[in-house]
Amino acid sequence: MTDVLISLNRGSRRTFHWRQREVASCIIKHPLYIAEMLTPTGLADDCQVDHKNHGGPDKALLVIPAANYARFGVHKHWGFLGENLTFPDRLDEKCVHLGDRFQLGDVLLEVTQPRSPCWKLDELAKTQAGKHHFLQTYAGSGHVGFYVRVLRTGLLCAGLSIEHQPAEQPAPSIHALFLAKHGGGKTAEQRSIIEQALAHPALSTAWREELGQLLKR
């Protein structure tokens, strides 16, 4: 079976009335029907407002499997959950591991960390999809999506074949790694998963610092 990129999505700046104030965000992405150039820090014309938590070399693109839309009952357009790349169902968080690579045409990507969902996603789901307590359900599932860095740039477009290249070094799945961190690294199993992630060179700088601090507590 050949996996293909379901949708390539790009965001633009919008203002939302959340928590009794005006909040600028580019969280909602919309499908692109033309090819887009990928740079080392993301799609050439994609928008980021919160540069501290989004974008940059370690989080150049957010990937979410299409199955998550049905899983969480969010029947909107691709990109609504904030992803740049909508992947096929079977390339989900339990199948994808830290350090895995994906080749799409000339582009080569490397998995760096799970998504860290924030309150803006919760507000978006509540105000535009009628989903209350969404963040709790989303995070608790471990099906949060994941970030990739760009190892080789090029043009991206929907329909490109995806070649999944599993990590050569042992690494936790995105699902296991997120739940280990979400659980606070309190159990021996969680700590073992975190230690394995810290030993992997693909781990993002942000998560390396956070996981390191978690083990010191």
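Each value in this text was obtained by applying a stated rule to the coordinates, not by laboratory testing. The shown structure was predicted, so the numbers you read here are calculated from the model rather than taken from an experiment. For neighbour counting, all protein chains shown are included, and Cβ atoms are generated from backbone atoms with ideal geometry for every residue, glycine included.
On the principal axes of its alpha carbon atoms, region 3-167 extends 45, 30, 27 Å, with the longest extent given first. Within region 1-95, the trypsin sites (Lys or Arg not before Pro) that combine a DSSP coil assignment with at most 14 other C-beta atoms in a 10 angstrom radius are ARG13, ARG19, LYS52, LYS76, ARG90, LYS94.
Listed by chain and number, the aspartates and glutamates whose alpha-carbon sits under 17 Å from that of LYS181, ignoring those within fewer than 8 places in the same chain, are GLU93, GLU189, GLU195, GLU209, GLU210.
For the chain, a Gaussian network of Cα nodes joined below 10 Å ranks ALA67, ALA188, ALA171 by mean-square fluctuation, and the top entry is ALA188.
When you restrict to C-alpha pairs under 8 Å that are six or more residues apart and normalise by the size of the chain, the relative contact order lands at 25 percent. Between THR86, GLN128, SER116, the Cα set farthest toward the positive side of the dipole of region 3-167 (charges on each charged residue's Cβ, about the Cα centre) is that of GLN128.
Taking other Cβ atoms within 10 Å as a rough exposure proxy, TYR147, TYR69, TYR33 sort from fewest to most as TYR33, TYR69, TYR147.
For the residue pairs LYS29/LYS76; LYS94/LYS216; LYS126/LYS186, the C-alpha atoms sit more than 20 angstrom apart in LYS94/LYS216; LYS126/LYS186. Distance from the Cα centroid of region 17-48 to that of region 105-133 is 12 Å (rounded to whole angstrom).
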